[in-house]
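Everything below concerns the one structure shown next.
The values are calculated or read from the model by the stated rules, or taken from the named source; none is laboratory data. Model, not experiment: these values are computed from the prediction. Glycine gets a Cβ as well: all are built from the backbone with ideal geometry, and neighbour counts include every protein chain shown.
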Amino acid sequence: MKILHNPTTLQHRTRELVGARLIDAYESPERLTSILTALHANPCYEITEVATDLDAATAAAAKVHTAEYLAHVGTIFESWLAEGMVEPDGCVLPECFPVIRLGGNKTRQPRDLAARVGYYAFDMSTGISRETYASAIASADLARRGAELLATQNDEVGGLVFSLCRPPGHHCQTNLMGGYCYLNNTAIAVRTLLDSLPNPDEQVSILDLDFHHGNGTQSIFYSQRNPCYVSIHGEDEYPYFTGSPEETGEGEGEGYNLNLPLPIEMGDFDNYRPRLHEAVAKIRSVRTRWLVVSLGFDTFVGDPVGKFQLERENYEEMGAIVGGMGLPTLVVLEGGYVVEELGNNCLAFLRGLEKGYADSVNASPKLGSEEDWEEVRPEETADEVR
């Protein structure tokens, strides 16, 4: 398995409005530090550190997002700073949003800098700090690189690539940020993968395992047959207005969008497992040749923004079921906010993924022995991010 990391993804830190409270965002650099600490503690995993290829990343993002939107994300903080609207260590949050039923005009970007923030956002959890764009484009670049590696060096990477993306991306639409997401890493990966394959007609599928529905990814590909989008998520949970089973795609994409919402009172793995098998059946039914997994760990019990009750051992079984499809797979990191357990949960999933994939393709996983696989104590993940 090839694991990709860019240190620039650690720079972004912001605040969010939750109810009536302005707090440090749950989406923090410590999330990634927890995973890196766990991976470094296990010698069977090697992390490849890369720098941002800004030109390539920008070109890849432009295949998913509008030019105006990319310019906004890249410049709005400095524009606010120049006007004295934000402190250098502050963050930009929207104060109003367009509302169609009240005659809001969504066809024209507003001139006012404050209004422009709400024009390109759908919540108040996605603040923009001075380092946000640098981290977001670095995250998108990791998704792009992962897709290229999988498509062009599949044998060399062993059929599995993990891009340690941060900030996440699956809530971001072509010109709308939200849910901690600024650029849609998964969509950028899929576009790159389709462009890189010798046969672009080979079917790609997306399996979204975050607690929250990937409204952004769904919207980007809703009218397309390739890729197929499949999501397991909390029923009637954030982002609230998408993710129903009735959303099956439109036009050429009809039948290539499957939502499998699960009521939160049924959020243990005994109820989750059948949904996962149903997702696998769908992915197989469309003759998928390549898989991109939007992997969120906010399904873990006690997550501050998720309400399922999955346990650590469940992630190893989940990974084994996904890997058991035997598909060349790119994993893109999404959510998960129990920082002290995030690294170990990630290790469990990767271990299961490699075992399942190896069993499926009759290969020998490079996992090391059981004794080599070390859990990381919570206090080891609490180091300050520098």
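Side notes on the structure shown:
- Filter result for Thr66 (of a type in the set (Ser, Thr, Tyr), under 29 Å from Ala358 (Cβ atoms) and surrounded by fewer than 16 Cβ atoms within 10 Å (Cβ to Cβ)): no
- Per-region count, region 1-22, residues of a type in the set (Val, Ile, Thr), out of contact with any strand residue (DSSP E or B) (no Cβ under 6 Å at 6 or more places or on another chain) and modelled with pLDDT of 95 or more: 3
- Unique match (being within 23 Å of Val18 (Cβ to Cβ) and among the polar types (S, T, N, Q)) among Thr299, Thr192: Thr299
- Scanning region 199-220 for residues being more than 18 Å from Glu334 (Cα to Cα) and surrounded by fewer than 24 Cβ atoms within 10 Å (Cβ to Cβ) gives a total of 5.
- Qualifying positions in region 124-160 - hydroxyl-bearing (Ser, Thr, Tyr) and either out of contact with any strand residue (DSSP E or B) (no Cβ under 6 Å at 6 or more places or on another chain) or in a helix (DSSP H, G or I) (or both): Ser129, Thr132, Tyr133, Ser135, Ser139, Thr152
- Top-ranked residue in region 222-270 [being part of a strand (DSSP E or B) and among the hydrophobic types (A, V, I, L, M, F, W, C); ranked as farthest from Leu209 (Cα to Cα)]: Cys228
- Filtered residues of region 329-367 (kept if buried (at least 24 other Cβ atoms within 10 Å of the Cβ) and in a loop (DSSP other than H, G, I, E, B)): Glu334, Gly335, Gly336
Quick grid of which residues meet (1) among the hydrophobic types (A, V, I, L, M, F, W, C); (2) surrounded by fewer than 20 Cβ atoms within 10 Å (Cβ to Cβ):
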| position | (1), (2) |
| --- | --- |
| Gln11 | no, yes |
| Val18 | yes, yes |
| Glu27 | no, no |
| Ala41 | yes, yes |
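- Among the residues of region 177-198, those identified as surrounded by fewer than 22 Cβ atoms within 10 Å (Cβ to Cβ), of a type outside the set (Asp, Glu) and out of contact with any Pro (no Cβ under 6 Å at 6 or more places or on another chain) are Gly178, Ser196, Leu197, Pro198.
- Here is the figure for region 142-175: residues that are surrounded by 22 or more Cβ atoms within 10 Å (Cβ to Cβ), under 21 Å from Leu39 (Cα atoms) and of a type in the set (D, E, K, R) total 2.
- Test: residue in region 271-288 that is closer than 21 Å to Tyr357 by Cα, of a type in the set (A, V, I, L, M, F, W, C) and touching a Cys at 6+ places or on another chain (Cβ under 8 Å): yes
- Selection within region 46-61 - closer than 11 Å to Ile137 by Cβ and surrounded by 14 or more Cβ atoms within 10 Å (Cβ to Cβ): Thr52, Asp53, Ala56, Ala57, Thr58, Ala60, Ala61
- Taking the criterion of being touching a strand residue (DSSP E or B) at 6+ places or on another chain (Cβ under 8 Å) and either among the hydrophobic types (A, V, I, L, M, F, W, C) or exposed (fewer than 12 other Cβ atoms within 10 Å of the Cβ) (or both), the residues of region 247-278 that qualify are Leu258, Leu260, Leu262, Ile264, Phe269, Leu276.
- Among the residues of region 228-263, those that are among the acidic types (Asp, Glu) and more than 17 Å from Leu310 (Cβ to Cβ) comprise Asp236, Glu246, Glu247, Glu250, Glu252, Glu254.
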